[in-house]
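To keep things clear, I will list the structure first and then write my remarks on it.
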Amino acid sequence: MHRWIRPAVVVLSTVVVTACGGSTEPAGKAADPAEGTPSASAPDSPISRFATPTDACAVLPADVAATLKVVKNRRTGSSLLGCTWELDTGDKYKSRSIGVEYEAWDDVPGAKTRFDTKKRSDTARGRGVNVTIGETGEVRQIGTQQQDRNYDEAYYFYGSAEIAGLTLGNGTVVIRRGNVIVDISAQGNDVLPPYTGKLRSNPLASAEAKDMIDRTADVLAGAVKPG
């Protein structure tokens with residue numbers, strides 16, 4: 001199976017602020033540390049550091065959970081920073097789930113490096129065997145979410161594949177907000193009996209994965225608060 005991957009493009013905006021401070025004191029007298037250029041040892045601005053939610057399974061509001069028809073949730077591993085919600089599809093041959101994992105770094109540069117490394121890795125290997133990447137690119141808006149409101153940068157892709165009669169549709173959005181990374185993954189699995197042995201695309205499963213992400217990304221990213 002041939003796999004085509006269009007590299008994700010993330011546009012970054014860099015704002016450079018130059019602080020200009022002068023002293024009118026006589027020569028030989030140091031300027032007051034409270035005046036002029038801030039001290040190099042000054043703490044980071046509070047808007048650049050964020051904190052993860054205490055419990056990932058508690059971040060989905062009741063109305064959103066009801067809209068998605070959440071049946072139950074479960075931990076992703078032993079950490080409280082990961083959670084998966086299973087949805088009611090009304091069909092025993094279909095399953096839908098969406099999950100999130102929060103990852104906090106000590107500083108923004110560390111999170112930025114992790115984000116870039118993850119993007120290159122995810123885009124290159126497609127996060128799975130026999131997965132055809134259907135769409136990749138920069139996330140400027142997810143649902144009602146606006147850039148610079150709930151995230152600094154993000155990337156996404158959606159794909160689908162059929163393996164042994166099971167059609168897999170998946171969607172992934174990785175968001176960085178300050179020093180926190182939010183990894184959101186949606187899965188749509190459809191059993192297609194009888195199995196013919198032929199590979200068939202299933203855009204519906206992938207579209208449903210995208211819809212789940214659109215409905216939840218703003219809430220999940222918004223749970224990352226200034227720390």
Under the 0.36 nm per residue contour assumption, what length would be gained going from the current alpha-carbon distance of residue 62 and residue 120 to full extension?
17.4 nm
Trypsin sites (Lys or Arg not before Pro) lying in DSSP loop within the stretch 46-123, provided at most 16 other Cβ fall within 10 Å:
69, 92
Could you check the spin-label model distance between residue 107 and residue 75? Points 7 Å from the Cα along Cα→Cβ, value in nm.
3.2
Once residue 211 and residue 92 are pulled to full extension, the length gained, defined as 0.36 nm per residue separation minus their Cα-Cα distance, is 40.8 nm
Gain in length, residue 225 to residue 149, computed as 0.36 nm per residue apart minus the alpha-carbon separation, to one decimal in nm?
26.3 nm
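Every number in this text was worked out from the coordinates using simple rules, so none of it is lab data. If you're wondering where the values come from, they're calculated on a predicted model, not measured in any experiment. Cβ atoms come from the backbone with ideal geometry, glycine included; neighbour counts cover every protein chain shown.
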